[in-house]
Amino acid sequence: EEQEEDVLRELRLFLTNLTERLMLDRRFKAFTKPVDIEEVPDYLMVVQNPMDLSTLLSNIDEHKYVTVNEFLSDADLIWQNALEYNPKRDQADRHIRHHACTLKDTMRTIIRKELDKDFQRICEEIRESR
Ligand SMILES: COC(=O)[C@H](Cc1ccco1)c1ccncc1
């Protein structure tokens, strides 16, 4: 009912603000747009489920996420894919893996510090009721 839509609207605002803050961080520049398949023709042979910050924003707008954990399932693909596609010991791979790990830690720290636990539980109860 109306109160549920109010809760989900607030979740979308939180997730949009979080994602936009990550997009502004120069360390996460490689994660802001889909990997260009023309530039990296073998990317889809290695990575089954591409994901990036701009796609997360579109998913939020399309009401894809009812809980933070559903958002994190997609958001985690960003750093998981980067570790999988860039495994070599050379500096370029180490560089993007370091940023991928920082993205993972930054996301979770912001969620833990800024998202109320009771609010998260209300979102989960809405998901279970649907
Ligand atoms: C998430 O971004 C990536 O996985 C690409 C893969 C890639 C390899 C060549 C071109 O792009 C990347 C971009 C920037 N620096 C390292 C790797």
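Which residues make up the longest stretch of the chain clear of GluC sites (Glu not before Pro) that lie in a DSSP loop with no more than 15 other Cβ atoms within 10 Å, not counting the sites? Show your work: numbers first, answer last.
Details: sites that count: Glu1, Glu38, Glu39, Glu62.
By the stated rule (loop sites, at most 15 other Cβ atoms within 10 Å), 63-130.
To the nearest 20 Debye, how big is the dipole of the chain about its Cα centre, given +1 on the beta carbon of each Lys and Arg and -1 on that of each Asp and Glu? If you can, show how the numbers build up before the last one.
Details: 20 positive and 28 negative charges, 176 e Å.
It works out to roughly 840 debye.
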Scoring segment 18-130 by relative contact order with C-alpha pairs under 8 Å, at least six apart, yields a percentage of 26
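Calculated from DSSP H runs of 4 or more alone, at -39500 (n - 2.57) each and per residue, what is the 222 nm mean residue ellipticity of the chain, nearest 500? Let's see the in-between values first.
Working: 6 runs with 90 residues, N = 130.
About -22500 deg cm²/dmol.
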Packing-ranked peptide list from 102-108, 88-94, highest mean Cβ count within 10 angstrom first, is 102-108, 88-94
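Below 10 angstrom from the Cβ of Phe31, what's the summed charge of the other residues (Lys, Arg +1; Asp, Glu -1)? Spell out each step's value before the answer.
Numbers: positive: Arg27, Lys29, Lys33; negative: Asp25, Asp52.
Its environment carries a net charge of +1.
Hydropathy at least 0.0 by Kyte-Doolittle, axial extent at least 27 angstrom from the Cα trace: which helices of the chain, defined as entire DSSP H runs, fit? Mind dumping the intermediate values first?
Working: long enough: 2-23 (31 Å, -0.51); 91-114 (34 Å, -1.09).
Qualifying helices: none.
When a/c reaches 1.5 or more, the comparison of a/b and b/c decides; with that in mind, is segment 15-72 rounded, prolate or oblate per its Cα gyration tensor?
On the way: a/c = 2.52, a/b = 1.47, b/c = 1.72.
Cα axes put segment 15-72 in the oblate bin.
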Per its Cα gyration tensor (rounded if a/c is under 1.5, else prolate when a/b beats b/c, else oblate), segment 1-40 is best filed as oblate
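Readers should treat all values here as calculations from the given coordinates under stated rules, not as data from a laboratory. A quick note: this is a predicted structure, and the numbers were derived from the prediction, not measured. Virtual Cβ from ideal backbone geometry, glycine too; neighbours counted across all protein chains shown.
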